[in-house]
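Peer 1: Here's a structure for you.
The values are calculated or read from the model by the stated rules, or taken from the named source; none is laboratory data. Quick caveat: nothing in here was measured; it's all calculated off a predicted structure. So basically every Cβ, Gly included, is an ideal-geometry build from the backbone, and we count neighbours across all protein chains shown. Note: accessible area is taken over every heavy atom of the protein model, side chains too, but ligands, DNA and RNA are not part of it. Shrake-Rupley method; radii C 1.70, N 1.55, O 1.52, S 1.80 Å.
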Amino acid sequence: MTSKVLVEIKAPVATITLNKPGRLNAVDVEVWEGIRDAAVAVDEAPGVRVAVLQGAGGAFCAGLDVKAGSTLGKLNAGSPASAMVRIREHLAHLQECFTRLERTRVPVIAAIERVCIGAGMELALCCDIRIAAEGTIFSIPEVQLGIVPDMGGTQRLPRTIGVGMAKELIYTARRFDATEALRIGFVNHVYPAGELGVRAAELAAEIAANGPLAVQAAKQSIDGTYWRELPHWLRWEAEQAVGPLLSEDRKVGMKAAAERKRAEFQGH
């Protein structure tokens with residue numbers, strides 16, 4: 001398992017830590033795959049009844065690590081038709097890494113602080129319960145990069161906070177704070193920053209004290225109906241994401257983001 005994602009098992013609680021504090025735990029392919037491996041490790045630990053997902057260094061996740069370069073690599077080389085096939089497969093692989101966390105047999109609590117941006121929001125959406133620290137900044141800003149929120153954002157966010165609000169946040173790429181995240185139902189609770197770890201531990205203990213088979217069956221019952229069509233939704237999302245990923249707008253957006261500038265998109 002990569003050192004960029006850590007797993008600590010202290011039954012009945014498992015703690016998964018995104019471990020790139022120098023980059024505010026921004027994700028790259030190694031982190032995506034580390035999240036998948038962490039979910040597997042939690043499932044293979046028989047005494048675990050609940051998991052907590054957190055970020056190292058006092059931050060949750062700043063989204064895609066733009067400075068690490070595009071995750072596409074050379075996938076967009078060759079003809080557009082062949083590139084589209086490779087990109088869809090690549091997106092499906094990364095989506096599955098997040099979905100594997102969502103499918104963990106035990107409830108997962110996201111303990112969110114400081115930043116929860118882009119892929120960080122999409123990762124948090126894969127958790128059963130989200131709690132946040134006061135002062136946390138949220139955003140799903142992919143359209144500012146000329147791309148689509150393609151890690152489940154266009155599918156899970158509307159089903160979590162409602163279609164209208166999800167569209168507004170995705171279309172505007174607006175930043176919002178923890179108070180707003182609570183108001184719209186993205187997080188369950190907001191606590192003073194210094195209390196987040198304690199509150200996450202209290203919630204985890206409260207869940208772990210109940211019948212583990214019943215809790216896990218309840219999770220499967222809820223997810224098995226509410227998210228029944230998720231694989232089809234994610235495939236649809238990936239199909240819509242390919243065009244922007246092959247566009248000049250994406251190149252302009254990624255370059256501007258790396259330079260901390262506002263992109264000037266031309267729509268091609």
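Peer 1: Restricting the search to the range 184-217, which residues are open to solvent by less than 50 Å² (accessible area, probe 1.4 Å) and without any contact (Cβ under 8 Å) to a residue 12 or more places away in the chain?
Peer 2: Matches in the range 184-217: GLY211 only.
Peer 1: If only one of ALA45, ALA39, ALA51 is modelled with pLDDT of 95 or more and in contact with a Leu (Cβ under 7 Å, 6 or more places away or on another chain), which one is it?
Peer 2: Within the list ALA45, ALA39, ALA51, the selection yields ALA39.
Peer 1: Tell me, which residue of the range 224-249 that is open to solvent by 50 Å² or more (accessible area, probe 1.4 Å) and charged (D, E, K, R) is nearest to the chain's Cα centre (by Cα)?
Peer 2: Filtering first and then ranking leaves ARG235.
Peer 1: Residues in the range 21-30: is at least one within 30 Å of LEU213 (Cα to Cα) and either crowded, with 16+ Cβ neighbours inside 10 Å or touching a His at 6+ places or on another chain (Cβ under 9 Å) (or both)?
Peer 2: no
Peer 1: Open to solvent by 20 Å² or more (accessible area, probe 1.4 Å), out of contact with any strand residue (DSSP E or B) (no Cβ under 6 Å at 6 or more places or on another chain) and assigned to a helix (DSSP H, G or I), is that true of ALA166?
Peer 2: It is false that ALA166 is open to solvent by 20 Å² or more (accessible area, probe 1.4 Å), out of contact with any strand residue (DSSP E or B) (no Cβ under 6 Å at 6 or more places or on another chain) and assigned to a helix (DSSP H, G or I).
Peer 1: Any residue in the range 134-149 that is modelled with pLDDT under 95, under 26 Å from PHE265 (Cα atoms), more than 15 Å from the chain's Cα centre (by Cα) and in a helix (DSSP H, G or I)?
Peer 2: Yes - at least one qualifying residue is present in the range 134-149.
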